[in-house]
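See below for the structure under consideration.
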Amino acid sequence: MSIQAILLPLFVEVALTFTLLFWMGFARVGAIKRKETKMTDIALGQSNWPPRVQQISNCYHNQFQLPVLFYALTILVIMTRHADFVFVAMAWLFVLTRLLHAYIHTGSNFVRHRFNAFLLGAVILLAMWVIFAVRILLGLP
């Protein structure tokens, strides 16, 4: 597999993270300007942001949970030359679940649907790690 094919899903995940970061920033600045909250109310924590702002913020912070394991795995498969079609296909499936999760999280925020998207992504990522570990530990290509 080409390095571009291997890294493209990772780049999409990074783009999602930065998109949420800037969205969160604009939402926070807007809430302060509209006087929906005061700087003193949020100086020591997140709990006083308006619900919509907190919803976007929670989604942004969620990008530093499961995706961190995805980033690490991508680096490892490149370093060990174990990136193949199966890895790239599963990487795209994982990233698609992250996009779906973010869409639900920042939209309807229906917890059951959001959880299902999260769980599916977690299972895919776990399978990716198991496949990688088995290949490395057994010396398989």
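Values quoted throughout were computed directly from the atomic coordinates according to the rules given, and no laboratory measurement underlies them. Computed from a prediction, not measured in an experiment: that's the story for all the values here. When we count neighbours, we look across all protein chains shown, and the Cβ atoms used for this are built from the backbone with ideal geometry, even at glycine.
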Seminar exercise, completed: Here the gain from full extension of Phe22 to Ser47, 0.36 nm per residue of separation minus their alpha-carbon distance, amounts to 7.0 nm
Exercise. Over region 3-138, how many percent of alpha carbon pairs lie in each 5 Å bin up to the one with the longest distance?
Worked result: 2, 10, 19, 19, 15, 12, 10, 7, 5, 2, 1, 0
Exercise. Roughly speaking, what is the centre-to-centre gap between region 11-84 and region 99-114 when only Cα atoms are used, to the nearest Å?
Worked result: 14
For this session: Only helices at least 30 Å long along their axis, Cα-based, and averaging 1.0 or more on Kyte-Doolittle count here, so list those DSSP H runs from the chain.
Result: 3-33, 85-106, 111-138
Exercise. Treating the beta-carbon of each Lys and Arg as +1 and of each Asp and Glu as -1, no other charges, what is the dipole magnitude of region 3-138 about its Cα centre, to the nearest 20 debye?
Worked result: 400
